[in-house]
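The values are calculated or read from the model by the stated rules, or taken from the named source; none is laboratory data. Everything quoted here is computed from the prediction, not taken from an experiment. Here the Cβ positions follow ideal geometry from the backbone for every residue, glycine too, while neighbour counts run over all protein chains shown. We work out accessible area using only protein heavy atoms, side chains counted, and drop any ligands, DNA or RNA first. Shrake-Rupley method; radii C 1.70, N 1.55, O 1.52, S 1.80 Å.
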Amino acid sequence: MTYTPVPARCFIAATLALTLSSFAMPAVAQSQSDVPSATSPAASEPQSGTASQDVSAEDTGGTTTEEAATDGPQPEMTVGADWPYYGGDARATRYSPLSQITRDNVAKLEPAFTYHTQDLPEGSAEGKYSPEVTPLKIGDDLLMCSAMNILISVDAATGEENWRHDPGVANEAIPYGATCRGVSVYRNPDAAENDACALRVIEGTLDARLIAVDARTGEPCADFGTDGAVDLWDGVGEKVPGWYAVTAPPTIVRGIIVTGAQVKDGQAEDAPSGVIRGYDAVTGDLAWAWDLAAPDRNRNGPAEGETYTRGTPNMWTAGVADEELGYVYLPLGNSSVDYYGSNRSEAENQYASSLVAIDVTTGEDVWHFQTVRRDVWDYDLGSQATLLDYQGTPAVLLPSKQGDIYILNRETGEPLTPVGELTDLPTGEVEPDFISETQPVSEWHTLRKDALEEKDMWGFSPIDQLWCRIQFRRANYDGFYTPPSADKPWIQYPGYNGGSDWGSVAVDTDRGILIANYNDVPNYNQLVPRDQVTSKPINEQQGASEGGAEGAADPQAGSPYGIAVNAGWRNDVTGVPCTRPPYGGIRAIDMATGETLWDRPLGTARRNGPFGIPSFLPLDIGTPNNGGAVVTAGGLIFIAAATDNLFRAIDIETGETLWSSVLPAGGQANPITYEVDGRQYVMVTAMGHHFMETPVGDEVMAWALPEQ
């Protein structure tokens, strides 16, 4: 499954400054406004469109890219001078031990370089760019992909381009958006240091290929697949561009590349399979396949003329792996028809919206932990899980879109923190025999807020506040897990953007603090009877670019209903959300207790206002956000993500913004930090996001302290 972020230019009027200030206070500790500091080198925008330490870092475990597959674990590459994994280290903590940049000197940061990928939308790609790119840093180089899967190597100190490889992905392959969150690397243990592809860069593409190139030259790896590529359409069925795509970096463990794929939401029950596959990192040969509905029959691929099981839950986000156990942890989505479930198989009901542990030596699932029973809310798991030691036990931390955060035993999947049960939940009138009356919830920590009330409806004037109150009264809403309805709209809160989404969380393993940014907006949805659905599923369209994200009656072919989704539930006239701000925030959580240390809105009103008109107000209203954070030993959180185009440094102890810089485009990406020749850099890509309605760009931007 994928997501549809809440559009950005939809928020706060300049006349509401006094009202906003009453809503913009953090829940636990007040922070300073996110105004660029006087010492910020980018204080004006360019013109253009304290906790217990019960969590410790591990010495081993996680995804390796140092060695090939063997019977035992291999040493991992370490974060510090480098940023060798999408999640920073092999455990995806997004924590760096670098401490040159501190809370005392961060205000002195200055631009180090800006690199342009030169990948900007053209033709039918206009309005479809959401790159979300996070580079890796290995040795002297930054390794990355662009929105359309161009592989690029850049000097990490200067931003000068070393090489680029364009695999030639066509615009028609774009699903919801042109997205490549990152790449992975693998070192062939049987190759000499100077051999071709001794260190290789591997990515998945929008047109469903695995590509491997030499990290030094960008030349395709001749020993990998066919001319450096593996076709992921093999065994999936009819090739329909835009229906099946890879947007996340693969996970590499014990020499096996593990990947899933995004399957475009809302189209049809007879959709491409959500099969997870493992490939040899040197040859590209299929090692195994995990088809949740036919795990044994399709372990080595389907028989000739057959396909992997159609329509099963997929994994569109990033996995993480324990090299020592040989397990890879995969967050699954729900079924291809998100909002109707009576036609689903028992296998789908068993595995949907679950974290699944797979043994990469066999391709067999070891355990799974389900976060939603019979999911008809599109609460797929979008966050990459994080590996850590929790009170002496190897654990995996799992955030969910509902806002719940779970900590599980890494080997067994058993909860290490309390999990409760919601009971007597409404089942609705559409599928009362299918909807589950119970659901699991985390009793350790949740980002979820209280249920909505009519008084929470909001507008920039009394008139549109009244309009939103009327809409609230005419909708079905019985609190959390209100089931879908067709007779009238229903309010889904939280919406399917979170809680937590693909930006995931960051864990300061020294201080024992978890940092989670989150969205806090409802959806306003309605099932559409089949005879009123006018849209066609993607495989019946004349071109693959007809549909966008879930919106006006997506077809859900094969079920009795299409689906209309108002993501972020906005006033149809003003574009202002119907619920009061803040719409997004960032929170610090004590890992020892699960208690909130501080919570504050993330994002200002500077780019937002009614009718899409920027208010230019520096008030912390809390905007929707996509992308995650990085935490450092210097006591800092670096994050962009919000729709105000600011890149921030936040004090991890207090939540105060200590520095910010204006980006030329949207910063919907995860930042990184690294070191070259003793100098620490922080970096984020400013490439924009069409769903978030932030300006599109092609910038890769780095900052550092002044050279001594």
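Calculate one ³J(HN,Hα) per residue across the range 265-275 by plugging θ = phi - 60° into the Karplus curve 6.51 cos²θ - 1.76 cosθ + 1.60, and present them in order as whole Hz with x for glycine and proline.
5, x, 8, 6, 5, 7, 9, x, 5, x, 3
Do the sum for the chain: with -39,500 (n - 2.57) for every DSSP H run of n ≥ 4, divided by all residues, what is the mean residue ellipticity at 222 nm, to the nearest 500 deg cm²/dmol? If you can, show how the numbers build up before the last one.
Numbers: 3 runs with 26 residues, N = 708.
That calculation yields -1000 deg cm²/dmol at 222 nm.
Please work out the average accessible area per residue across the chain, using the 1.4 Å probe convention, and give it in Å².
Details: 22660 Å² over 708 residues.
Normalised by residue count, the accessible surface of the chain is 32 Å².
For each pair in 137/239; 128/536; 239/536; 401/455; 108/137, compute the distance between the two Cα atoms and list the pairs where it is over 27 Å. Please list the in-between numbers first.
Numbers: 137/239 35 Å; 128/536 20 Å; 239/536 17 Å; 401/455 25 Å; 108/137 23 Å.
Going by Cα-Cα distance, 137/239 fall outside the 27 Å limit.
Any idea how far apart residue 411 and residue 140 come out in nm if each label point goes 7 Å out from Cα toward Cβ?
Result for the modelled spin labels: 4.5 nm.
Just to make sure I understand: if all protein chains stay in place, what is the order of 128, 264, 536, 108 by accessible area at 1.4 Å, largest first?
Details: 128 30, 264 5, 536 110, 108 135 Å².
The most accessible residue leads, giving 108, 536, 128, 264.
Give me the distance in nm between label points sitting 7 Å out from Cα along the Cα-to-Cβ direction at residue 217 and residue 158, one decimal.
Rounded to a tenth, the inter-label distance reads 2.2 nm.
Expressed in nm to one decimal, what extension gain is obtained for the pair residue 227 and residue 707 from 0.36 nm per residue of sequence separation less their Cα-Cα distance?
On the way: separation 480, 0.36 × 480 = 172.80 nm, distance 4.38 nm.
The span from residue 227 to residue 707 would gain 168.4 nm if fully extended.
Starting from the Cα of residue 285, step 7 Å along the direction of its Cβ; do the same at residue 78; then give the gap between the two resulting points in nm.
Calculated label separation equals 3.5 nm.
Determine the share of the chain's accessible area contributed by carbon and sulfur atoms, expressed in whole percent, with a 1.4 angstrom probe. Write out the running numbers ahead of the final one.
Details: 10320 of 22660 Å².
Carbon plus sulfur share of accessible area: 46 percent.
Take the alpha carbon atoms of the range 298-333, find their center, do the same for the range 239-291, and report the distance between the two centers in whole angstrom.
Answer, in whole Å: 7.
Which length gain, in nm to one decimal place, applies between residue 433 and residue 190 when the Cα-Cα distance is subtracted from 0.36 nm times their residue separation? Show your work: numbers first, answer last.
Numbers: separation 243, 0.36 × 243 = 87.48 nm, distance 5.67 nm.
So the chain would gain 81.8 nm between residue 433 and residue 190.
If you take every residue apart from residue 384 with its C-beta less than 10 Å away from the C-beta of residue 384, what net charge results, scoring Lys and Arg +1 and Asp and Glu -1? It would help to have the intermediate numbers written out before the result.
On the way: positive: 94, 181; negative: none.
Taking every other residue near residue 384 into account, the sum is +2.
Mind checking the full-extension length gain between residue 299 and residue 593? Use 0.36 nm per residue of separation minus the Cα-Cα distance, one decimal, nm. All intermediate terms of the calculation are to be shown ahead of the outcome.
Numbers: separation 294, 0.36 × 294 = 105.84 nm, distance 4.18 nm.
Full extension from residue 299 to residue 593 adds 101.7 nm.
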